[in-house]
Amino acid sequence: MSDINSIFEIDYEQALTLTGFGWFHYRLLALCGLIYANTAIGITVMSFVLPSATCDFRMTSEDKGWLTAAPMLGMVVGSYFWGCLADTKGRRIVLIAALLLDGTVGLLSTTAQIFPIFMFLRFINGFAITGAMGICFPYLGEFQPTAYREKILCWMELFWTLGIVVLPCIAWLIIPLPLQFGTADGGIKFSSWNLFVALCSIPSLLLGLWLLYFPESPKFLIECGEPALALEILKDIYHINTGRERHECPIGRLKESDRSNTIMETHNRSIRTFNIHDPKHMKILLPEIWEQTKALCSAEFRRNTALACMIQFGITTSYYTLMIWFPELFGRFEEYEKRYPNATVSVCDVSSIVLENVNDTLVDDFCGTEIDTKVYWHTLLLGIACIPTSLWLPLCVHRLGAKFFLIFSLLVAGLVTVGLAYVGNSTQNLILSCIFEALTSMGISTVYCVMVDLFPTNLRVMAAAFSLTFGRCGALLGNLMFGFLVDLNCLVPIVLFSIMLFGSAILCFFLPNTGTTALQ
């Protein structure tokens, strides 16, 4: 088949349109969506490990703060590393590596018998999972035509909700089981919470293997100077979407990238062909990576980079800290209301359970105590509360715009965070927690959607990684701070989190409108 499109070079956006929109894109959305759901599970899995492993590791609130901070520290270290790797070796291969590493280390962590070793393995989990989280949005977005991109990316929020809903269900089924294996001397233990962590690690391995059947981003290949390989992938997409033969694809040649590629110009080879294990190759790659990083701070992108980093810091600090600690707070509410029926108590006052004995006897108080069934149910409700916003976002994003959803979600979430200091019982706490979870999770997903349009292909993953690093720094500080202050003066972190959310909402006013431009 031959037509005018086969004679002239066409740009990538035109080529995507000619491949159609169909079965390939639905499969890719399912894959990337499940990866995003898996990151939700991987990040929040510690929320059920905290109360469940208190006895085995003899953890105080400070220990729990360090344990929740360990994956966040891994994310801080991993975000920039995976971003650099994805912009040099490709999106697909880095996604596979991150997922397989996360699943393998997650399984290993279930065998750890010493608290520092378990904490280190969870650090590696955070290091790995941030790679999958930061790359799945650009990888998905680079396959989408302009008309569909923003809406498809917004559907990812529904998959995050899926992860938040599935996690308490798995915990509810597994953790209450009377499962306890160990040696006679007590040196080795394997409890139901270990099995829970193991089951939550398996999806990473399966998704990493499934990803082997998907191609590299054609847009990334064009940026690497490999338009011929990109064209072959587009022909495969055309075949899958239309059912027609590859040779019928009306794409003759693809325009090469207009942006200069120093490595391609100097060495006449794709950046993907360089081996990161070869010192000679690294001497060539590192300056290119540095140039990309400097480009994010250039006059053209400086404003967007700063906005993305500050917004990520504010929203991530608040969301990941409170989301991980919600089950712990729910458990404390249940314990308090058992001891003092019909008493009116705030989130801060409920920590008096911890302060009844000032010599760190919290471990002894809760050791051997099962998680109350209401804690699982309340955490499940947090996920269910996200379903309406998960549907509202993709269905109305073209009409209202991504900026509207960002500003609305952050402003209301800030007000709700203030309200947490004034709740009088566990029911009020649950309602505000559900609203907080629904709005902040929608805000985080919207930030990822916006970032795909804010930066060109050669900087997109690097920019996401750069902003994620700031966000994870905030989450790390937030978890450490909350662990130390929840038993002493929890009003301080609540006030700080609300200020960060309000500040992020104000910064969103300065973001450019997105969703209508072609991929650069």
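The values are calculated or read from the model by the stated rules, or taken from the named source; none is laboratory data. It should be emphasised that the depicted structure is a prediction, and the values quoted were computed from it without experimental measurement. Cβ coordinates were reconstructed from backbone atoms using ideal geometry, including for glycine residues, and neighbour counts include every protein chain displayed. For the accessible areas, the whole protein counts, side chains as well, though only heavy atoms, and no ligand, DNA or RNA atoms are used. Shrake-Rupley method; radii C 1.70, N 1.55, O 1.52, S 1.80 Å.
Table for the structure above
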{"quantity": "Solvent-accessible area, 1.4 Å probe, carbon plus sulfur percent, for the range 40-97", "calculated": "68"}
{"quantity": "Pairs beyond 26 Å (Cα-Cα), from Lys235/Lys255; Lys64/Lys89; Lys64/Lys338; Lys219/Lys294", "calculated": "Lys64/Lys89"}
{"quantity": "Difference of contour (0.36 nm per residue) and Cα-Cα distance, Tyr422 to Leu173", "calculated": "86.3 nm"}
{"quantity": "Accessible area of the range 20-216 divided out per residue, in Å², using a probe of 1.4 angstrom", "calculated": "32"}
{"quantity": "The range 437-478 and the range 196-240: distance between their alpha carbon centers, rounded to Å", "calculated": "21"}
{"quantity": "Calculated SAXS-style log₁₀ I(q)/I(0) at q = 0.10, 0.11, 0.12, 0.16 Å⁻¹ - the range 387-507, Debye, Cα scatterers", "calculated": "-0.36, -0.43, -0.51, -0.87"}
{"quantity": "Set of lysines with alpha-carbon distance to Lys403 below 18 Å, sequence-local pairs under 8 removed", "calculated": "Lys151"}
{"quantity": "Stokes-Einstein D in µm²/s, Kirkwood radius over Cα pairs - the range 20-216 at 25 °C with 0.890 mPa s viscosity", "calculated": "140"}
{"quantity": "Accessible-area value, Asp87, 1.4 Å probe, nucleic acids and ligands omitted, Å²", "calculated": "10"}
{"quantity": "In nm, spacing of pseudo-spin labels at Lys338 and Thr373 (7 Å Cα→C-beta vector)", "calculated": "1.3"}
{"quantity": "Environment charge at Phe214 (Cβ cut-off 9 Å; Lys +1, Arg +1, Asp -1, Glu -1)", "calculated": "+1"}
